[in-house]
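Structure first, then comments.
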Number of protein chains: 2
Amino acid sequence: MALPTSTAQRFLVRASRQLRHYSAPGTGEIPAAKAKYVPKSGTYPKGFLAASEHVGVKPSNTRFDDLALIVSETPCAAAAVFTRNKFQAAPVTVSREVLRRREGDGIRAVVVNSGCANAVTGKGGVEDAIKMGEETDKCFEDGEGEGDDGKGARTLVMSTGVIGQRLPIRKIVRKIPSAYESLGSTHAHWLRAARAICTTDTFPKLLSRTFTLPSSPDTPYSLAGMTKGAGMIHPNMATLLAILCTDAPVAPPSLHALLTAAVDKSFNSISIDGDMSTNDTVVLMANGAAAATTTTTTASNGRPTPRTIAAPDDSDPDYVALRETLTRFAADLAQLVVRDGEGATKFVTVRVANAASYGDAKRVASAIARSPLVKTALYGKDANWGRILCATGYAEGADSVVPDQTSVSFVPGDGSEELKLLVRGEPERVDEARAAEILKEEDLEILVRLSDKEGEEAVYWTCDFSHEYVTINGDYRT
Amino acid sequence: MALPTSTAQRFLVRASRQLRHYSAPGTGEIPAAKAKYVPKSGTYPKGFLAASEHVGVKPSNTRFDDLALIVSETPCAAAAVFTRNKFQAAPVTVSREVLRRREGDGIRAVVVNSGCANAVTGKGGVEDAIKMGEETDKCFEDGEGEGDDGKGARTLVMSTGVIGQRLPIRKIVRKIPSAYESLGSTHAHWLRAARAICTTDTFPKLLSRTFTLPSSPDTPYSLAGMTKGAGMIHPNMATLLAILCTDAPVAPPSLHALLTAAVDKSFNSISIDGDMSTNDTVVLMANGAAAATTTTTTASNGRPTPRTIAAPDDSDPDYVALRETLTRFAADLAQLVVRDGEGATKFVTVRVANAASYGDAKRVASAIARSPLVKTALYGKDANWGRILCATGYAEGADSVVPDQTSVSFVPGDGSEELKLLVRGEPERVDEARAAEILKEEDLEILVRLSDKEGEEAVYWTCDFSHEYVTINGDYRT
């Protein structure tokens with residue numbers, strides 16, 4: 001039902017009253033236990049800039065930046081993986097279309113707001129998302145003079161926050177130019193941007209690192225990424241967002257294949273509550289800026305010069321190396337999301353090994369990582385292999401599971417010996433004191449071997465299920 | 001790893017120390033709010049008898065009966081639906097084999113113990129389950145003199161309780177004859193048996209009713225059923241069990257088809273926490289006793305006499321009528337399990353209507369019923385259509401979901417008008433006071449229409465997700 005404007009406005013007023021605004025600690029302070037996950041410095045990819053601004057998307061937010069801008073100084077390749085939820089938010093629709101029209105090339109920026117997901121907002125919501133991108137594109141017109149190549153917008157759009165509310169688009173648009181003006185490449189710039197995309201997150205999630213590729217070992221590349229939120233983590237609130245940037249030279253077809261592979265073993269291998277949001281988006285941008293610099297400075301000295309990774313090719317050592325680097329990096333980034341799971345007191349790695357196929361291993365890992373009973377047992381520090389086994393047994397489609405070949409162990413976070421709970425379907429005598437010791441720690445690995453023979457392995461990261469989760473997600477708006 | 005006896009014994013001692021024994025209120029008293037679900041009387045099927053005994057399967061249980069026996073006075077047809085979990089408990093393996101060897105006929109009894117699931121207990125566990133059945137069979141040898149027809153055991157076996165512990169089989173076997181001696185057909189007998197199969201249940205779940213079939217409208221039939229527990233409802237503890245008995249005459253092939261149809265829309269349409277146990281079993285027995293009585297007393301007066309429902313046949317009015325009766329009955333029984341969901345404060349019907357297929361409707365209903373975010377919102381009395389929509393959108397395989405054709409409403413338990421939250425993908429202005437009123441009630445229906453056109457419908461029953469659920473399932477054994 002399309003609402004007439006005044007009705008829509010009344011709806012918005014009501015909706016904003018109706019929605020509970022749970023927030024991370026109101027002071028914006030990072031909890032002491034999480035401070036170690038926030039980097040004090042970083043090495044950021046050349047030719048990328050970051051900025052943030054305060055919009056006040058939620059009227060109650062009078063002090064924290066809630067608009068972030070990540071810009072490539074030159075048009076770059078970009079790829080994205082979006083939520084598979086059938087209800088896709090407007091920014092998902094719009095960003096997907098931008099990438100489609102540009103065939104993953106000529107992208108300049110990602111603009112992100114927190115505080116409102118722009119989801120289930122109809123045509124008006126799509127117009128708002130387009131507007132956010134257009135206003136960002138306008139910033140490039142003066143300085144860069146790229147002109148219009150007929151392929152339309154160059155900016156990807158992301159939103160995160162409550163569902164069913166329209167964006168305060170005029171307020172947002174007003175702040176885009178000042179965000180653009182304040183772009184910079186320092187650690188502080190990146191960290192502020194990472195903080196601006198947060199919602200109920202208790203700390204900003206930012207990582208960076210350097211790497212080289214086999215064909216040009218003298219060229220240092222950088223990779224930086226920020227992410228926020230986990231699954232559906234708020235009443236009416238969506239979203240896992242992630243933005244990864246590298247100055248390595250990668251062409252669009254490779255970039256998309258690399259991102260898909262990396263996401264499968266990172267952002268698609270974590271679970272907070274098993275709910276998949278309407279806004280989930282992971283973007284990877286590659287501008288080749290480091291290669292460009294190296295090419296001009298070293299091409300004449302006879303050293304190997306960087307080349308663009310043109311197409312996905314498993315026989316190309318550069319492609320394979322970058323895929324590994326990117327997958328590890330994305331996994332580290334995704335793990336930060338689990339570290340910040342709502343109400344979480346534990347960080348649990350679920351490793352399923354010796355499986356007949358990677359698919360089977362992942363299906364079992366996912367079932368264990370999602371089981372409310374496994375998660376409440378972990379919260380209760382209960383060495384409850386019965387529940388782990390039970391989840392293993394009902395994992396849908398995991399056809400190669402054979403009860404009397406299945407073994408379950410706890411692997412302590414400190415690198416000490418595993419504690420066997422079940423060996424080939426038979427319960428072990430469990431050393432209680434040892435189990436209690438392992439379960440006391442924040443970090444823990446559940447290791448399920450589906451056979452004694454070497455086979456495929458999948459890893460999932462999850463957290464426990466606490467009273468606080470219920471409080472955060474069930475607490476009546478007051 | 002097979003343990004030598006002394007080691008196995010030590011394991012058992014340790015295991016019993018290791019396992020926390022959460023129980024429903026220790027006095028065995030039924031909570032005031034649940035008393036209304038326990039019948040004061042009933043009409044039970046002819047030729048079936050029930051009994052219970054105190055074994056003390058869990059040593060800590062010194063007062064409550066934990067062995068139940070349901071017996072047909074004559075050999076009867078039986079069918080069962082078992083858990084799809086790959087880790088199947090010993091009684092599941094054994095009962096399945098008994099039914100296979102007898103081709104669903106010549107069954108005399110179901111013997112059930114609570115307090116120990118006899119799951120993940122290896123070959124010894126299977127021997128224990130066989131022994132339970134054999135000892136029950138021995139009771140029939142004197143009185144009935146059926147003799148050995150070469151098809152082996154006539155008794156189905158069920159167990160529920162902790163996983164990974166062996167049954168105290170000698171203690172159980174010792175009490176089977178006295179249970180047999182105390183068999184009876186009164187309401188008190190049935191109620192005691194229903195109570196004996198409970199574990200963390202706070203009330204016994206027993207229903208009975210009468211019905212007729214189109215071809216013999218003068219013959220009154222009865223149907224009785226008991227059930228317990230929901231999903232994985234206890235640390236290391238399993239199981240949904242249900243036993244249904246009717247005195248209508250149904251041959252094995254029909255019985256199996258009828259039970260499968262009924263379970264799909266009842267026990268397979270409920271969710272407490274989405275975990276599927278190792279022991280889940282639903283048994284249906286039909287002994288034709290009411291028909292036998294009627295045949296001899298009315299055959300001579302020219303009225304239509306009962307006939308056996310021989311084969312599944314959608315053009316047979318008796319078959320169709322019994323399927324409807326049985327499905328409704330099983331649904332009522334399954335709903336009692338949800339009423340007793342751990343920590344539940346709400347009983348929620350999820351109805352998905354106007355779907356392209358029943359499969360799609362059920363997949364969406366299941367996703368909503370299982371979503372921790374929907375369930376915590378219900379606990380928090382939050383009219384959170386965003387989460388309902390989100391679960392609708394990620395329901396796996398529900399390909400016919402189209403966002404702008406989807407509508408969501410709350411239907412109050414008192415029969416008053418539905419409250420529309422979302423109409424064809426557009427948020428409604430929600431009357432807050434009305435929403436609060438509806439969410440205050442224990443009973444609530446979430447109605448999702450996948451289109452405006454008439455189509456298939458599926459119903460799921462679920463409960464909310466409360467602090468108490470986390471306490472019950474996460475509380476460290478102390």
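Restricting the stretch B:366-381 to residues that are touching a helix residue (DSSP H, G or I) at 6+ places or on another chain (Cβ under 6 Å) and in a helix (DSSP H, G or I), which is nearest to residue B:346 (Cα to Cα)?
B:379
For the stretch B:391-413, name all the residues that are assigned to a loop (DSSP other than H, G, I, E, B) and more than 20 Å from residue A:123 (Cβ to Cβ).
Matches in the stretch B:391-413: B:395, B:396, B:397, B:398, B:399, B:400, B:413.
Scan B:352, B:320 and give me the residue that is farther than 30 Å from residue B:471 by Cβ, free of Cβ contacts under 8 Å to residues at least 12 places away in the same chain and either assigned by the TED database to the domain that holds residue B:371 or not in a loop (DSSP other than H, G, I, E, B) (or both).
B:320
Just to be sure before I move on: is residue A:128 within 24 Å of the chain's Cα centre (by Cα) and outside any helix (DSSP H, G or I) in the structure I sent?
Spelling it out, it is not the case that residue A:128 is within 24 Å of the chain's Cα centre (by Cα) and outside any helix (DSSP H, G or I).
Is at least one residue of the stretch B:139-158 open to solvent by less than 10 Å² (accessible area, probe 1.4 Å) and within 14 Å of chain A (Cβ to nearest Cβ)?
No, because not a single residue in the stretch B:139-158 is open to solvent by less than 10 Å² (accessible area, probe 1.4 Å) and within 14 Å of chain A (Cβ to nearest Cβ).
What is the number of the single condition among (1) away from every other protein chain (no Cβ under 14 Å); (2) closer than 21 Å to residue B:229 by Cα; (3) open to solvent by less than 10 Å² (accessible area, probe 1.4 Å) that residue B:77 does not meet?
The single condition residue B:77 does not satisfy is (2).
Could we say that residue B:367 is more than 24 Å from the chain's Cα centre (by Cα) and closer than 30 Å to residue B:439 by Cα here?
Answer is no for this residue.
In the stretch A:442-471, which residues are buried (at least 19 other Cβ atoms within 10 Å of the Cβ), over 23 Å from residue A:33 (Cα atoms) and among the charged types (D, E, K, R)?
A:449
Under the condition of being in contact with a strand residue (DSSP E or B) (Cβ under 7 Å, 6 or more places away or on another chain) and not in a loop (DSSP other than H, G, I, E, B), which residue from the stretch B:420-435 is nearest to the other protein chains (Cβ to nearest Cβ)?
Within the stretch B:420-435, the match that is nearest to the other protein chains (Cβ to nearest Cβ) is B:423.
Looking at this structure, is residue B:350 under 16 Å from residue B:441 (Cα atoms) and within 28 Å of the chain's Cα centre (by Cα)?
Against the criterion (under 16 Å from residue B:441 (Cα atoms) and within 28 Å of the chain's Cα centre (by Cα)), residue B:350 qualifies.
For the stretch A:373-387, state whether one or more residues are open to solvent by 20 Å² or more (accessible area, probe 1.4 Å), closer than 22 Å to residue A:444 by Cα and not assigned by the TED database to the domain that holds residue A:457.
Scanning the stretch A:373-387, I find no residue that is open to solvent by 20 Å² or more (accessible area, probe 1.4 Å), closer than 22 Å to residue A:444 by Cα and not assigned by the TED database to the domain that holds residue A:457, so the answer is no.
Where residues in the stretch A:187-230 are open to solvent by less than 10 Å² (accessible area, probe 1.4 Å) and assigned to a loop (DSSP other than H, G, I, E, B), which of them is farthest from residue A:78 (Cα to Cα)?
A:203
Before we move on, is residue A:118 touching a helix residue (DSSP H, G or I) at 6+ places or on another chain (Cβ under 6 Å), in the same structural domain as residue A:132 (by the TED database) and either assigned to a loop (DSSP other than H, G, I, E, B) or at pLDDT 90 or above (or both)?
yes
Identify, please: which residue in the stretch A:400-415 is touching a residue at least 24 places away in the same chain (Cβ under 8 Å) and within 9 Å of chain B (Cβ to nearest Cβ) and is, among those, surrounded by the most Cβ atoms within 10 Å (Cβ to Cβ)?
Among residues in the stretch A:400-415 that are touching a residue at least 24 places away in the same chain (Cβ under 8 Å) and within 9 Å of chain B (Cβ to nearest Cβ), the one surrounded by the most Cβ atoms within 10 Å (Cβ to Cβ) is A:406.
The values are calculated or read from the model by the stated rules, or taken from the named source; none is laboratory data. The model shown is predicted, which means the values in this text are computed figures rather than measured ones. Note that each Cβ is placed from the backbone with ideal geometry, even for glycine, and that neighbours are counted across all protein chains shown. Side chains included, ligands, DNA and RNA excluded: accessible areas come from the protein's heavy atoms. Shrake-Rupley method; radii C 1.70, N 1.55, O 1.52, S 1.80 Å.
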